[in-house]
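Written below as structure tokens is the structure these notes are about.
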Amino acid sequence: MARRTLSKNEAKLILDLEWRGQRTVTLRELHAALGGSAGYARYMAHVLARKGWLERLRPGLFQLIPADRGREGVADTNPLAAGAVLVRPYFFSFGTACTYHGLTQQAFADVYVTCRSRRRARMIRGTRYVFTYSGAKRFFGFEEASVLGTTVQMATPERALLDALDRPHYAGGLGEVSGMVARSLARLESKRLIEMLERWGESALGQRLGYLAHLNGAELTPSLRRTLERLARLGGNLLLGPRRRWGTLGRLVRPWSIVENVPREVLVERGAERGRRVTFDPGRRRDR
């Protein structure tokens, strides 16, 4: 691999970025720093990327590969480090956060980034980043977390579970989400779950959580059970799984008003291992 070099002007620019502590730089910022034309800023970005000092993350956005990465310029291989600079504001959730918190033993190939704008998935360094939209009203329930030396915004375990219940296809499917409830509900904070369910304002989440907890024999605190039963009374009869895949026929389960249109063998674990365990280093976290 060729060693990285810098001309005088390039060195001045890279040194300035490092002094500022910038992990990323946009074409607009390069233009402002360099002066001259926008074409010159694009040319400089191209040259620095070819030399191994910048890595293109998306059109107009580059990640700095700092000097301490060595003469060969080894890029940061932490997939969450790249995901953390693709969009703002953001937090990681669904399968990514469920793996981080140990709610699942599955290793997800995709990285799930929750943001407040609708974006298409992107491939970066062989990793697919899936952007899941959340409106301002539901943009809560995340905290700072240290993952492989990088500080990122991560859904709390309670938010991660509710997201998985809301859109199971981003968390391994309904069967895996059922397993999460069975394995993890006892160690989650009931107070946080109640607060988030109330703030979320959707009865379907309470219905699914109550049903899956009952199905798997997961113990509910009295206050959480009262909240779930109240939410179930507010909602109508709800199909457990999507009708396109599972149809509409099934037993109505009270008090959750859930139409059990998914076979129970899909929902209840038989003791088999569910994929490979992946662990991250949980660091200091701060609620948002």
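Would you mind ranking 96, 150, 227 by Cβ crowding within 10 Å, fewest neighbours first? The partial results should precede the final answer.
Values: 96 29, 150 17, 227 21.
Ranking 96, 150, 227 by Cβ neighbours within 10 Å, fewest first, gives 150, 227, 96.
If you project the alpha carbons of the chain onto the principal axes, what extent comes out on each, in Å, largest first?
Answer, in whole Å and largest first: 73, 37, 37 Å.
Most fluctuating residue of 163, 68, 16 in a GNM of the chain with Cα springs under 10 Å: which is it?
The residue with the greatest mean-square fluctuation here is 68.
Given charges of +1 on the Cβ of Lys and Arg and -1 on the Cβ of Asp and Glu, with all other atoms neutral, how large is the dipole of the chain about its Cα centre, in debye to the nearest 20?
Dipole size: approximately 700 debye.
Taking only Cα atoms, what is the 0 to 90° angle, nearest 10, from helix 203-216's long axis to the longest principal axis of the chain?
Tilt of helix 203-216: around 70 degrees.
So how do 258, 14, 194 line up by other beta-carbon neighbours within 10 Å, fewest first? All intermediate terms of the calculation are to be shown ahead of the outcome.
Values: 258 26, 14 21, 194 18.
So the residues, fewest neighbours to most, are 194, 14, 258.
Please find the FRET efficiency linking residue 252 to residue 56, where r is the Cβ-Cβ separation and R0 is fixed at 45 Å, and quote it to the nearest 0.05.
Computed FRET efficiency for residue 252 and residue 56: 0.25.
What distance in nm separates the simple spin-label points at residue 12 and residue 43, each placed 7 Å from Cα in the Cβ direction?
1.6 nm
Toward the positive end of the charge dipole of the stretch 53-208, about the Cα centre and with charges on Cβ (Lys, Arg +1; Asp, Glu -1), which of 107, 85, 140 goes farthest?
85
Just to confirm the number: angle between the C-alpha axis of helix 174-184 and the first principal axis of the chain, 0 to 90 degrees, nearest 10?
Tilt of helix 174-184: around 90 degrees.
Which aspartates and glutamates have a Cα less than 14 Å from the Cα of residue 51, not counting those fewer than 8 places away in the same chain?
Correct list for residue 51: 10, 72.
Give me the extension gain from residue 243 to residue 269: residue separation times 0.36 nm, minus the current Cα-Cα distance, reported in nm with one decimal. Numbers along the way, then the final one.
Working: separation 26, 0.36 × 26 = 9.36 nm, distance 2.25 nm.
Computed gain between residue 243 and residue 269 is 7.1 nm.
Tell me the label-point distance for the pair residue 109, residue 3, using the 7 Å Cα-to-Cβ offset, in nm and rounded to one decimal.
For the pair residue 109/residue 3, the computed spacing is 3.9 nm.
Where does helix 190-200 land angle-wise versus the long Cα axis of the chain, in degrees 0 to 90, nearest 10?
80 degrees
Got a sec? How would 91, 62 order by Cβ neighbour count within 10 Å, fewest to most?
Values: 91 27, 62 22.
Listing 91, 62 from fewest to most nearby Cβ atoms yields 62, 91.
Coordinate-derived values only; no laboratory data. Quick caveat, the model's predicted, so the values are computed rather than measured. Cβ coordinates were reconstructed from backbone atoms using ideal geometry, including for glycine residues, and neighbour counts include every protein chain displayed.
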